[in-house]
Amino acid sequence: MLKKILTGAAIAALAVGLGACSSTRPADGGGDAAGGSGDCNVGIAMPTRSLERWINDGEQLQKKLQDAGCTVDLQYADNKTDQQISQIQNQISGGAKILVIAAIDGSTLGPVLQEAKAQNATVIAYDRLINGSENVDYYATFDNYKVGTLQGQFIEEQLGLKDGKGPFNLEPFAGSPDDNNAKFFFAGAWDVLKPYVDKGQLVVPSGKSPANDDAWASIGIQGWASDKAQAEMDNRLSSFYGDGKKVNVVLSPNDSLAIGIEASLKSAGYTAGADYPIITGQDADKANVKAILEGLQAMTVWKDTRALGDRVFTMIQEIKDGKTVEVNDTKTYDNGKKVVPSYLLTPEVVVKDDVQSKLIDSGFLKASDVGL
Ligand code: BGC
């Protein structure tokens, strides 16, 4: 199991990078008093504005930090790695002492993080791990393997696989090959589902059934793009379902892929109802929550991004105040150079019946966002 493989490395005692935040430049507006913005110059680098969650993630954290008197530079990179690198470079030259980075391609940031290190900046990987660099101090995320487990178990329960039911036609998808999270999502789900594929209770008519967790990228959708997921589903439907065969279940790792897959199913004539396939998702994006309410998507794995923002805000305060940074996982996230001390939050399943109680009552979404 991937989790076991990734857990293998031993870890030394948690080294806490203290002192990384004492500012060397005057705070905006003068002075460098403790607690002033000179102590708390933060660069936030987010991947794209094209997905709702990243807009919320960035803006929430920016506001909290600004309210606490920090200087904040928030940037979005249009899913382009080069753009993200130059944004981070600008933040470093602007005096950032803390960098919060949701990487586009987690393997390309080594050189720019070297520059960050030279300036004694502390680096927090946000949601996605940054690979191949010593200079990643902390990682804050949701339990990514668990996200996949929840999707796999949902399918297992809905189809009665434990009771031996089947065969069902499954089409699995995976996330962007350059996103470290995507392999965790897939492994979590596949560790539940693959045994049923092996037993013949799940059949994959397209043949796009990875032989093991490590082969996940073969079904990855670059950039998590809805249109690419749609085109892939169109191909699978026209090539392997021409004889009246129906898809019973689609493993979709997140909501942006689910939207594309749902559009493809719609144009192939699938409508909500008893024969509509079970489709999984992640993020609780508005359009997908609407789809859940309309019976066009079965579930989403909700990650309350406000809680992630709060956690990173706490980390930043701890760093700024020279305190020990609280983490709860020092084993799982080996980035190839070190095991990055991590704080993992817990994701949860949302289905039609708990849209109101979990998403609306908590204020994550407004009723009007989802047509309620
Ligand atoms: C995030 C997901 C998101 C996906 C696409 C992943 O790294 O964890 O929440 O759906 O990227 O942006």
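We did not get these values from a lab; they are worked out from the coordinates using the rules stated. Predicted model, so just to flag it, every value in this text is computed and none were measured. Cβ: placed from backbone, ideal geometry, glycine included. Neighbour counts: every protein chain shown.
So which residues in the range 222-271 are over 15 Å from A291 (Cβ atoms) and touching a Leu at 6+ places or on another chain (Cβ under 6 Å)?
V249, A268
Which residues, taken from the range 269-305, are part of a strand (DSSP E or B) and farther than 14 Å from D354 by Cα?
I278, I279, Q282
Give me the pairs: first residue in the range 356-372 and free of Cβ contacts under 8 Å to residues at least 24 places away in the same chain, second residue assigned to a loop (DSSP other than H, G, I, E, B), beta-carbon distance under 9 Å, and six or more apart or on different chains, which are they?
Q356/L372; I360/K366; I360/L372; K366/L372
Do we find that L161 is crowded, with 21+ Cβ neighbours inside 10 Å and either of a type in the set (D, E, K, R) or within 21 Å of L237 (Cβ to Cβ) (or both) in this structure?
Answer is no for this residue.
Condition first: more than 16 Å from T71 (Cβ to Cβ) and part of a helix (DSSP H, G or I). Now tell me which residues in the range 89-114 satisfy that.
Q89, G110, P111, V112, L113, Q114
Could you list, in sequence order, all residues of the range 196-218 that are among the aliphatic types (A, V, I, L, M) and part of a loop (DSSP other than H, G, I, E, B)?
V204, A211
Which ones in the range 306-357 are farther than 28 Å from V370 by Cα, charged (D, E, K, R) and assigned to a strand (DSSP E or B)? Show your work before the answer.
Just the residues of the range 306-357 that are farther than 28 Å from V370 by Cα, to begin with: 312-344.
Cutting the leftovers down to charged (D, E, K, R) gives us 318, 320-321, 323, 326, 329, 331, 334, 337-338.
Within the range 306-357, D329, D334 qualify.
Could you grab the pairs with beta carbons closer than 6 Å, sequence gap of 6+ or different chains, first residue in the range 39-55 and away from the ligand (no atom under 14 Å from the Cβ), second one basic (K, R)?
Qualifying pairs under 6 Å: D39/K320; C40/K320; N41/K97.
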